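Notes follow once the structure below has been shown.
The values are calculated or read from the model by the stated rules, or taken from the named source; none is laboratory data. This structure is a prediction, so every number in the text was calculated from the model and none was measured. Glycine gets a Cβ as well: all are built from the backbone with ideal geometry, and neighbour counts include every protein chain shown. Side chains are part of the model used for accessible areas, which takes the heavy atoms of the whole protein and leaves out ligands, DNA and RNA. Shrake-Rupley method; radii C 1.70, N 1.55, O 1.52, S 1.80 Å.
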Amino acid sequence: MSEVKACSQVGCDIRNDGKCLEGLDQECPHFYWDDNADDDEEIAENESPSVVKKSSTKIEVFKGAELSLREMLSVTQRYPCDFVTILGDLDCGKTTLLATIFDLFQIGQFKKHLFAGSLTQKAFEVRSHLSRMSSGSIKADTERTKTLDFRILHIAISNFDLSLKKHFLLSDISGETIQLARSSGSAMKEHLGVVKLANHIIYIIDGEKLAGSEKTAALHDAQLFIQSALDNKIFNSETVLNVLISKWDLLENLATFNLEELVVNKINRRFSAKLKAINYKRIASRPHDENVTAVDMGFGLQDLIEDLMNFPLLQKRLTLQSEVSERFINNYKVNENER
């Protein structure tokens, strides 16, 4: 008895015709191997056709892995979602932000919001592993994202009184991709074109660089990226850009650092007329242990979650179907009345 392809989605006939309903083949999150060779039921040899033997079937287990852009469909078809793109240079804290949000929900640190589930819980756990004692690490850390492609994590969040529940798709992309896109218009369009579909766009500037000798370069790189995104029509006059200054624990008591003068005024002067709005927040996802400050783990993330929950800045409807599926599906858009 040999294994055959099977799918948990209703209406998918991959078992018979070998074609995925979504055209995803091996990447489909609903795909699994079934050890039924030809039919779900076999007619027993030398017995009446009414006598059958039921062959065993494999149980599909929850994978919880990160999603590709194509696999986002498996979530957007089930729920209305806000797509949040998190951009920023190498080691600025993009993945650490994702891991810390997940960790803070597990320990009940957010006072106004509750964790309401995730279809990519394993992916969150993988990103949080090096920050936990079980990893054997001497100090909390986060493994860098290496792939040039977007990886997507899903999380559902509800208000404490359960009056509102929202689903978010959070991007995780390497700093190398951001550097490549910043230096090449074709790379910007190829790797970051999906940013145009985002409901919320976050750009993180590395606070550790701002605190040291690289502050001029860090600000220059951020401005160069924003300008390139505008030139290549990734950003436009309807874009609301949320700039996060990470690792605020390194900047809080730095007398020589003035956020308004060094960052806010310079970026606003150059781009405020070209974008719909530019918002600024200070965060410290995981403060340095050796840095004695009043900044706690997850500083600024409560405000960030509140903004995502309360201010749905819908620049574009999240409609990827025409790009990634052979089926014409127009029924899975984010509608205002579903919020």
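A Cβ distance below 9 Å, combined with a sequence gap of six or more or placement on separate chains, defines the contacts here; from segment 87-111, residues that are basic (Lys, Arg) reach residues that are part of a loop (DSSP other than H, G, I, E, B) and at pLDDT 90 or above in the pairs Lys94/Ile173; Lys94/Ser174; Lys94/Ser246.
For the residues Ser183, Ser213, Ser174, the requirement of being more than 20 Å from Phe257 (Cα to Cα), open to solvent by 30 Å² or more (accessible area, probe 1.4 Å) and among the polar types (S, T, N, Q) singles out Ser183. State whether the residues of segment 230-253 include one that is farther than 24 Å from Val195 by Cα and without any contact (Cβ under 8 Å) to a residue 12 or more places away in the chain. Checked against the condition, which is being farther than 24 Å from Val195 by Cα and without any contact (Cβ under 8 Å) to a residue 12 or more places away in the chain, segment 230-253 yields no hits at all. The set of residues in segment 248-261 being assigned to a helix (DSSP H, G or I) and open to solvent by 30 Å² or more (accessible area, probe 1.4 Å) consists of Leu250, Leu259, Glu260, Glu261. Evaluating Lys112 against the criteria (1) within 24 Å of Leu67 (Cα to Cα); (2) modelled with pLDDT of 70 or more; (3) of a type in the set (D, E, K, R) leaves one unmet condition, (1). Residues in segment 225-242 that are in contact with a helix residue (DSSP H, G or I) (Cβ under 6 Å, 6 or more places away or on another chain) and closer than 20 Å to Lys281 by Cα were compared, and the one that is surrounded by the most Cβ atoms within 10 Å (Cβ to Cβ) is Phe235. Taken over segment 155-199, the criterion of being within 18 Å of the chain's Cα centre (by Cα), in contact (Cβ under 8 Å) with a residue 40 or more places away in the chain and assigned to a helix (DSSP H, G or I) is satisfied by Gly175, Glu176, Ile178, His191, Leu192, Gly193, Val194, Val195, Lys196, Leu197. Evaluating Ile245 against the criteria (1) open to solvent by less than 50 Å² (accessible area, probe 1.4 Å); (2) closer than 25 Å to Thr100 by Cα; (3) in contact with a Ser or Thr (Cβ under 8 Å, 6 or more places away or on another chain) leaves one unmet condition, (3). Taken together, the criteria exclude Gly64 from residues that are modelled with pLDDT of 90 or more, at positive phi, surrounded by 15 or more Cβ atoms within 10 Å (Cβ to Cβ) and not β-branched (Val, Ile, Thr). In a residue-by-residue description of segment 279-297, the property of being closer than 25 Å to Gly175 by Cα, at pLDDT 95 or above, open to solvent by less than 70 Å² (accessible area, probe 1.4 Å) and in a loop (DSSP other than H, G, I, E, B) applies to at least one position. Residue pairs whose Cβ atoms lie under 7 Å apart, sitting 6 or more positions apart in sequence or on different chains, and linking a residue in segment 62-82 that is in contact (Cβ under 8 Å) with a residue 40 or more places away in the chain to a partner that is assigned to a helix (DSSP H, G or I) and open to solvent by 50 Å² or more (accessible area, probe 1.4 Å), are Lys63/Lys122; Gly64/Gln121; Gly64/Lys122; Ala65/Lys122; Ser68/Glu27; Arg70/Glu27; Glu71/Glu27; Pro80/Glu338. Taking the criterion of being part of a strand (DSSP E or B), buried (at least 16 other Cβ atoms within 10 Å of the Cβ) and either modelled with pLDDT under 95 or not basic (Lys, Arg) (or both), would at least one residue in segment 264-275 satisfy it? The answer is no, given that none of the residues of segment 264-275 is part of a strand (DSSP E or B), buried (at least 16 other Cβ atoms within 10 Å of the Cβ) and either modelled with pLDDT under 95 or not basic (Lys, Arg) (or both).
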